[in-house]
1. Can you give the net charge of the other residues whose Cβ lies under 15 Å from the Cβ of Gly107, counting K and R as +1 and D and E as -1?
2. So if I place +1 on the C-beta of Lys and Arg and -1 on the C-beta of Asp and Glu, and nothing else carries charge, what would the dipole magnitude of segment 146-259 be about its Cα centre? I want it in debye, nearest 20.
3. Taking every Cα atom in segment 218-289, find the radius of gyration and the maximum pairwise distance Dmax, and write them in Å.
4. How large is the accessible surface per residue of segment 159-318, computed with a 1.4 Å probe and reported in Å² as a whole number?
5. Looking at Val172, Leu114, Ile307, which one has the Cα that reaches farthest to the positive end of the dipole of the chain (charges on Cβ: Lys, Arg +1; Asp, Glu -1)?
6. Which pairs break 22 Å Cα to Cα here: Lys229/Lys250; Lys51/Lys90; Lys51/Lys289; Lys198/Lys313?
7. Show which aspartates and glutamates lie in cross-link reach of Lys50 when reach means a straight Cα distance below 19 angstrom and same-chain residues fewer than eight apart are skipped.
8. Over the Cα atoms of segment 146-259, each weighted equally, I'd like the Debye log10 I(q)/I(0) at q = 0.10, 0.17 Å⁻¹, rounded to two decimals.
Amino acid sequence: MASIKKIGVFTSGGDAPGMNACVRAVVRTAIYLGKEVVGIHQGYQGMIDKKFINMDARSVRNIIQLGGTVLKTARCAEFRTAEGREKAYKNLVEEGIDALVPIGGDGTFTGAELLSGEFGIPVVCIPGTIDNDLYGSDFTLGYDTATNTVIEAIDKIRDTAASHDRLFFVEVMGRDSGCIALHAGVAGGAEAILLPEKETAIDDLIHKLEEGALSKKSSSIVIIAEGDKNGGAYNVAKRVKEKFNFYDIKVTILGHLQRGGTPSSFDRVLGSRMGYAAVRAIIAGETRKMVGLRGNMIQLTPLEDAIHNHSFKLEEDLLEMATILSI
Ligand code: F6P
């Protein structure tokens, strides 16, 4: 295989705190190892629209502490077509980019896998999504910060819930993964946690809330993952309201605020480690792999395994513990 000269780095799909620390690591590691680096703005869309920017060590200064992504991001429908990918690849060749480090979630990986399969360009991907739902890494970039943001919000909601004797349903992100909900629920002391990975009957939830009210709880917080099968916090609140009248009921949808903000120390270190490892791996000849962290060790996983096994594996013991600790 010809040696790599110019690496393209981009962020794609939902932004996640820690992506900038990761971009910084990719750029500086590549430059240190004598390679050129191009930042591709707006992910696959930017590849199609030729949004290429030459990066140097100084172009990534003062970004390690920033949330969002300085490379911008997008969800690109055109890249899902063979024509879109061909156009993107031609642009990469024209620009002299001969390897890619994509940062994103399973949609980003699927695009990278297709592009690499069709045109042979080496790719080493980095898991950047708050959802923490990728096989091959104990943590994805942004999950730690997002969960801390959720906990901060729950703490604030608890103040007002306790002051008014209210029951709050708080909906959190995660798409079809309940990882943020479960961990924020445990850390926030929620009375119940509704997850996509486990069905919760509304009558059982009401029963649990009634038990709490009868044992002198004066307020309660229920965390609902957006992918829960009961149809979201508003629907659950409506159905609970029909039968439960111990407290006044309110709903908070945390939404996109969960994706923003200063990355935690954990996400900055994770982003740095993953960016550094991805560049080393691609230069060493690896391709169609995802860099992950397993047991605090950087490991590579075949991209197709990361894509096809993508989901959060529910920690049943944690859910059981949360139920017991919230009696
Ligand atoms: O994948 C990250 C994520 O924030 C999910 O948790 C959420 O379902 C989705 O992205 C929202 O996407 P968008 O910002 O495109 O609405």
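1. -4
2. Here the size comes out at about 200 debye.
3. Rg, Dmax (Cα atoms, Å): 21.2, 63.
4. Per-residue value: 47 Å².
5. Leu114
6. Violating the 22 Å limit, Cα to Cα: Lys51/Lys289.
7. In chain and number order, the partners are Glu36, Glu78, Glu83, Glu86, Glu94, Glu95, Asp98.
8. Normalising to I(0) and taking log10 leaves -0.24, -0.72.
The values are calculated or read from the model by the stated rules, or taken from the named source; none is laboratory data. Since the structure is predicted, the reported quantities are computational estimates derived from the model, not experimental observations. FYI the Cβ positions are ideal-geometry reconstructions off the backbone, even for glycines, and counts take in every protein chain you see. Heavy atoms of the whole protein, side chains included, go into the accessibility calculation; ligands, DNA and RNA do not. Shrake-Rupley method; radii C 1.70, N 1.55, O 1.52, S 1.80 Å.
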